[in-house]
Ligand code: BES
Ligand code: MN
């Protein structure tokens, strides 16, 4: 009978083949935000369904109104083993700005650094590298007598666009998806040597607002003065969204924002977090959020309003004296506690409409929002995972929050009453969503070993 040591040895022995597989997946530019890449999303789904079949899963691609899901199911070597559902996403963020990549985003490569080799490419970490980390653990079990848990797999292709098809899909496939626990590999370690279990995520509301004025672009000398400028209108509205203390001014925005439970506040205080280094690593020095809050609070337990893109007028080379007909902005809100995405969307739209001068029209393009998530910071699965991670990394796993959003975790809690275990091997400097995204080869390797240990621990 094969042991955990055999499984770990098999992961160690297959590093190069695992890397080749991850490279194949990264080469597929599955950008869910851009219609031109919908066929690539299909290809990524097909590729993953084939991978799962090869790993002994009963696997299929399931169509939705948006990008397809990939479903897989494999039995444990013993019948009374627990049943886990693993979630990952095969879609990636747009690779823009392209000119800041040192090499093309969908031509993955290895880069040698003082800290070891890293895999560079869009999706290398988020979430292709992370989901392959889990599948490589499954592969090692397959080669060594089978899985210790019944494992179902759900791979989504719309996570980076707010998971619009997910709620309906969960409702339809509730029976097949119901398991004892949801495993998610899409979060970060505490630092390069300290693994982490994430128990809190922020929610998200994403809005695009388009402001239209004159019926066409105008000469800014011949019309400037009497003709209203949409950039000026939009800039004033955006500037009004924060006050001088860094707080968001939308009416009702802080409804549902709560103070951290003492238990979690204590866990966070015990973390060795250095705000100066955190900001220094990205070329900054002074926290820009709400006055009187610590950097960790700003990230994990306070809501924000951010501008993700602003467009208007002439943005090519050189001067052009134009008075544009329209301007637009992409605005997002990170949510915490019991903040309600629908109410915040409404409040934002009213806020904008109340500030429009005569002759100005506005259009909103909404995206699906998700509320914040808080998981129990204690519990049997967390305890076992924590011990398994410590065995692999030789350091206790930190229990942390995160400022990012993963809509599926809340959806499973609401629709199926399932809790999640979020364990990931990304690092803060992986540059996810940015140019030159990377995943440490060590994360890929020791991450797979960690999942082998966690699945074993959950089965005992
Ligand atoms: N994996 C990230 C979120 C993340 C990263 C959480 C690191 C914790 C640690 C995820 O894929 C992501 O970026 N999600 C989007 C979701 C949104 C579009 C609904 C986000 O947070 O912007
Ligand atoms: Mn992700």
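Readers should treat all values here as calculations from the given coordinates under stated rules, not as data from a laboratory. Computed from a predicted structure; not experimentally measured. Note: ideal-geometry Cβ built from the backbone for every residue, glycine included; neighbour counts use all protein chains shown.
Computed from Cα atoms, the angle from the helix 380-393 axis to the main principal axis of the chain rounds to 80 degrees. Between the stretch 371-428 and the stretch 59-80, the C-alpha centres lie 22 angstrom from each other.
In terms of the Cα gyration tensor, with a ≥ b ≥ c the square roots of its eigenvalues, is the stretch 317-398 rounded because a/c is under 1.5, prolate because a/b exceeds b/c, or oblate? Oblate. Over the stretch 233-354, the ratio between the Cα radius of gyration and 2.2 N^0.38 Å evaluates to 1.31. Put in line by how crowded their Cβ is, counting other Cβ atoms within 10 Å and starting with the fewest, 141, 351 read 351, 141. Counting every other Cβ atom within 10 Å of each residue's Cβ, 201, 323 order from fewest to most as 323, 201.
Summary of the geometry: the stretch 219-238 and the stretch 139-180, compared by the centres of their Cα atoms, lie 50 Å apart. Taking all C-alpha pairs of the chain, those more than 39 Å from each other amount to 24 percent. Simple spin-label estimate for residue 356 and residue 216 gives 2.3 nm between the two label positions (7 Å along the Cα-to-Cβ direction from each Cα).
A full extension of the chain between residue 262 and residue 5 corresponds to an added length of 88.6 nm, given 0.36 nm per residue minus the alpha carbon distance. Size check on the stretch 408-457: the Cα extents along the three principal axes, sorted descending, read 37, 30, 11 Å. Sorted into 5 angstrom bins from 0, the C-alpha pair distances of the stretch 138-291 split as 1, 5, 8, 10, 12, 13, 13, 11, 9, 6, 5, 4, 2, 1, 1, 0 percent. Just so you know, the Rg over Rh for the stretch 337-454 is 1.12, from Cα atoms, with Rh as the Kirkwood radius. Counting only alpha carbon atoms, the long axis of helix 341-353 and the longest principal axis of the chain meet at about 20°. Classify the stretch 109-164: rounded, prolate or oblate, from the alpha-carbon gyration tensor (a ≥ b ≥ c, eigenvalue square roots; a/c under 1.5 rounded; otherwise prolate if a/b is larger than b/c)? Here the stretch 109-164 falls in the oblate category. Anisotropy class assigned to the stretch 52-194 is oblate, per the alpha carbon gyration tensor with a/c at or over the 1.5 cut-off and a/b no larger than b/c. Going by neighbour counts of Cβ atoms within 10 Å, the residues 131, 71 line up, fewest first, as 71, 131.
The modelled label-to-label distance between residue 285 and residue 143, using points 7 Å beyond Cα along the C-beta direction, is 5.1 nm.
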